[in-house]
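Any read-out appearing in this document is the output of simple, stated calculations on the displayed coordinates, not a laboratory observation. Since the structure is predicted, the reported quantities are computational estimates derived from the model, not experimental observations. Here the Cβ is made from the backbone with ideal geometry for all residues, glycine too, and neighbour counts use every protein chain on show.
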Amino acid sequence: MSRINLLPWREEKRKELQAQFMMLLGVVALLAVAVWAGVHFYHVQLIEVENSRLKYLEEQIAIVDAKIEQIKELEKEKESLLSRMRAIEQLQGNRPLIVRLFDELVTNLPDGLSVTTIKQKDSTVTIEGLAQSNARVSSFMRNLEKSEWLAKPNLKVIQESEVGGDKPVNSFTLTFAQVIPKAEGADEE
């Protein structure tokens, strides 16, 4: 008698194929998850590298900003020192002019006239004083016009005052300009 297999072999074959399919599906799913995890890990690493670069750049920017602030402070200090130097140079240059101003005032001041206040703003000098007469003030103004270092005398106020006691005295306010005379050979160039 021949052996006849009456068992449902097709169904067993189908189950076997289905089991292989499921196993293959599981392997493919594991491979897909592994590939996805690898790609995800790679991208996370790229993001971390970029974040570390950004952090480094921000630190460097902070350092440069601090240096810029120091440079600005140094520039302010430099400008302050330069302005002080300019002021000192101007004072050094004007020092002989002050001496010359007082020398010219003493030289040109007539008898019977006294100066009580002297104010100078830039090159304009304002003096207030007392005179025994108007003629003394006129004489003083003529002397100022003749001076090489003083020019443009302008009488602002002259009035009688009670300062002198018994004798009437005139108080006056006079302005003039302080000038630097040109050297004789300077115009010929």
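Tabulated results
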| quantity | calculated |
| --- | --- |
| Lys/Arg +1, Asp/Glu -1 at C-beta; the chain dipole; positive extreme among Leu74, Thr107, Val44 | Val44 |
| Computed [θ] at 222 nm, helices only, for the chain once each DSSP H run of length n ≥ 4 contributes -39500 (n - 2.57) | -22500 deg cm²/dmol |
| Qualifying lysines (Cα of each under 22 Å from Cα of Lys152; at least 8 residues distant if same chain) | Lys119, Lys121, Lys182 |
| Reported label for calculated mean projected area of the Cα convex hull in nm² given (1) 11.7; (2) 13.8; (3) 30.6 | (3) |
| With at most 14 neighbouring Cβ atoms within 10 Å, loop trypsin sites (Lys or Arg not before Pro) (DSSP) excluded, longest segment of the chain | 4-181 |
| Computed over the chain: relative contact order in percent, which uses C-alpha pairs under 8 Å that are six or more apart | 14 |
| Rounded to the nearest 20 debye, dipole of the stretch 1-114 from Cβ charges on Lys, Arg, Asp, Glu | 1160 |
| Test item: Cα-centred dipole of the stretch 53-182, Lys/Arg +1 and Asp/Glu -1 on Cβ, debye | 320 |
